[in-house]
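> Submitted below is the structure of interest, expressed as structure tokens.
The values are calculated or read from the model by the stated rules, or taken from the named source; none is laboratory data. Keep in mind that this is a model prediction, so the values were computed, not measured. So basically every Cβ, Gly included, is an ideal-geometry build from the backbone, and we count neighbours across all protein chains shown.
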Amino acid sequence: MGDLLFKGTFLLYLLSTIIYSVFFFSQNKTVRKTARMFLLGAGIFHTIYLIFRYFEAGHTPLTSNHDIVSFFSWAMAWGFLSFRWRYQIKNFGSFVSILITLQLIVAAMSSSEVRELQPELQNILFPIHASIIITAIAFLAMAFCGAIMYLLQERELKSKRFGFFFSRLPSLDALDTLNHHCLSIGFPLLTLGMITGLIWSKQVFGSFWSWDPKETYSLITWLLYAAILHQRFTVGWRGRRIAFFTIIGFVVSLITFWVPSYHFTGL
Amino acid sequence: MLLGVNHKTAPVEIRERLAFSNDPGVPYRELKAIPGCEEFTFLSTCNRVEVLFVSSKGDETERKVRDFLFAGSMSYDEAGKYVYLYKGEEAIQHLFRVGASLDSMVVGEPQILGQLKDAYRTSSDQSCTGVILNRLLHKAFSVAKRVRTETAIGSSAVSISYAAVELAKKIFGNLKGKRAMLAGAGEMAELAAQHLLNQGIAEVVVANRTFERAVNLARCFNGKPLAFEELVPELAHVDILISSTGAPDLILHKEDVKPIMKKRRNRPLFLIDIAVPRDLDSKLNDLDNVYLYGIDDLNNVIDINKSERDKEAVRAERIVTEEVLKFMLWLGSMEVTPTIVALREQAQEICRDEISRTLANCKDLSPKDQKSIEKMASAISNKLMHHPILFLKGEDAPEDQRRKLAIFRKMFSLDSVSRQDNGESD
């Protein structure tokens, strides 16, 4: 049952990505509408799958590789869909859907077996900490997509050779605003996630901070994003530089994600 | 008849002398006093001054109108170099093209239609228009609308200024609230500034080496004049610079702009250099968030859209020609003889219909009786038509004559067929 739900979700995401790519080439509005419907369907299916996982595992499904990546793409899909409700960024969906599908491929390849929960993870703060962090990174991932689009568009504008992307990508201003928007949601969430993590660590290990590699990396990630926002607000950094650092930030947060922890394996 | 000057025939120095902006009532009063100027409307914009009039006296009126336009600032013959005069079909075609923005400096710009509508409203308020111009102008508006909806002439990048706007949109997204600066003067630069204004830009600042020219030009855009020395500091507050000075050297260097970008908090700056030789240092493009485009770069953008534009223009011209023909048809019918012919035809048709219906019921009538009934019917209709036709043939002033014709045709609904053809016209 769970397997079937996951496969269905995956298929819907894949279709939506393919249709979004078709839209990117053809720029036909009906195609975009279809793609969006598929993504919405995938999001709903995915939600059902996560609920199913919760009951199957008997705890919040955020402890295995499969579940974390799956939750990550779920947060991204709904984050993107919620953006659509607020404002529209031309062809943003084509980029975001690719990333979502890539994550689901990773999720599909990792084992979805339900494992015995280590005692430290049974603390109620852990799922709160993890889900906040993952949602934060989902928004940072969207900022990453926007940054790539920004760099592509900026390159065409600077080099004055208008190729494939020029007409298909939105204005630089829209992309910069998108970046700002994603970071100003993602960063507070990241901070909140770090704080809940600290409290959780205090409760289960007895100390707030133990210079575990994972902790060190998350500090680096946090400092990097803090620096980006700081530069934007004080010096007025924007555009290419911000886009560039957003990409670095995202890469670092991915490393943080996969870096092993002293305490656990596979977390 | 249409007499006027525009950006193609007269340089800006001449057009400046024709600006009648002080009191909008004056041209109407003066034109009204010209003999033979029965219906007219008067259009004055930055790029054109035109008088469209209907006259039965032809050349004499034309001469007076031209004298009025140039108001003694130059001789009749000298003025002849700059003005164009269209008559009849040509005048109609020209008006339709103006309204549809095919004759504009920026082809497809939407402002001209509004200006034409204002001109028409003012002249009809002053009761200067009559049957012909009312219909002609309404037709011009509907032609413009057709061109706008049926072709993409207003949407694709059709010239340098369009290219500039297109690029600005890719950089800034929305142009609302942005400010532009115009350095120097020149047709293309003014055009680009005008076009940016049409796109909702908040203000155009004009910098010129001669402050007086800056003031004049700024008035044209409802903008702010600036001394040339203020150009660099002002860059902190504008988003787009259009530069087209006649300076032999660069007027703006990379080093000038670098500190400015800090002041701007890195908000993007779009520099457009359409001067030859160049005004702006090409190294400016290396600065972050500065986008420098020269005239050749803009031409590149245009080429992408050019073939499409040509196609649209051809379609637009076709619509205009079509509508001109339709209008000429109507105009032709606005004469006494064709009206009488149409009326007679209508009467005969009614007679024929009624007779055949009556005779179908009385089959036992002899051919002779049938003949006399037919005769009677046509006699009655002829008698009924007699006085209206006499009334129509009566001598009147040309303007009254046209009004009479219009009422007459309406009364007998002689235009009903042609009305269906161009249903949306009124």
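> Tell me, which residue of region A:46-70 that is in contact with a Pro (Cβ under 7 Å, 6 or more places away or on another chain) and not acidic (Asp, Glu) is surrounded by the fewest Cβ atoms within 10 Å (Cβ to Cβ)?
By that ranking, first place goes to A:Tyr54.
> May I pose another question? Across region B:269-283, which residue is nearest to the other protein chains (Cβ to nearest Cβ) among those that are of a type outside the set (Gly, Ala, Ser) and surrounded by fewer than 22 Cβ atoms within 10 Å (Cβ to Cβ)?
Step one: filter region B:269-283 for residues of a type outside the set (Gly, Ala, Ser), giving B:269-274, B:276-281, B:283.
Still in the list and also surrounded by fewer than 22 Cβ atoms within 10 Å (Cβ to Cβ): B:276-278, B:281, B:283.
Working: B:Val276: 18, B:Pro277: 19, B:Arg278: 15, B:Asp281: 15, B:Lys283: 13 Å.
So the residue we want is B:Lys283.
> Only one of A:Thr216, A:Thr256, A:Thr196 is more than 14 Å from chain B (Cβ to nearest Cβ), part of a helix (DSSP H, G or I) and either at pLDDT below 85 or under 24 Å from A:Leu102 (Cβ atoms) (or both). Can you tell me which?
Answer to the check: A:Thr256.
> Then there's this: Among the residues of region A:129-145, is any at pLDDT 85 or above, over 14 Å from the mean Cα position of the chain (by Cα) and outside any loop (DSSP other than H, G, I, E, B)?
yes
> Oh, and also: Would you pick out the residues in region B:208-260 that are crowded, with 20+ Cβ neighbours inside 10 Å and in a strand (DSSP E or B)?
B:Asn208, B:Leu226, B:Ile240, B:Leu241, B:Ile242, B:Ser243, B:Ser244, B:Leu252
> Can you tell which of A:Phe250, A:Phe208 is farther than 28 Å from B:Leu284 by Cβ and crowded, with 20+ Cβ neighbours inside 10 Å?
Exactly one residue qualifies, and that residue is A:Phe250.
> Turning to a different aspect of this structure: Considering B:Leu3, B:Leu95, B:Leu18, which residue is modelled with pLDDT under 75 and surrounded by 21 or more Cβ atoms within 10 Å (Cβ to Cβ)?
Values: B:Leu95 fails: modelled with pLDDT under 75; B:Leu18 fails: surrounded by 21 or more Cβ atoms within 10 Å (Cβ to Cβ).
One residue alone meets the criteria, B:Leu3.
> Taking the condition within 29 Å of B:Val165 (Cα to Cα), within 13 Å of another protein chain (Cβ to nearest Cβ), touching a residue at least 60 places away in the same chain (Cβ under 8 Å) and crowded, with 23+ Cβ neighbours inside 10 Å, does A:Leu169 pass?
yes
> Among the residues of region A:141-159, write down those that are more than 13 Å from every other protein chain (Cβ to nearest Cβ) and surrounded by fewer than 24 Cβ atoms within 10 Å (Cβ to Cβ).
Of region A:141-159, the ones more than 13 Å from every other protein chain (Cβ to nearest Cβ) are A:141-148.
Answer for region A:141-159, where residues must be more than 13 Å from every other protein chain (Cβ to nearest Cβ) and surrounded by fewer than 24 Cβ atoms within 10 Å (Cβ to Cβ): just A:Ile148.
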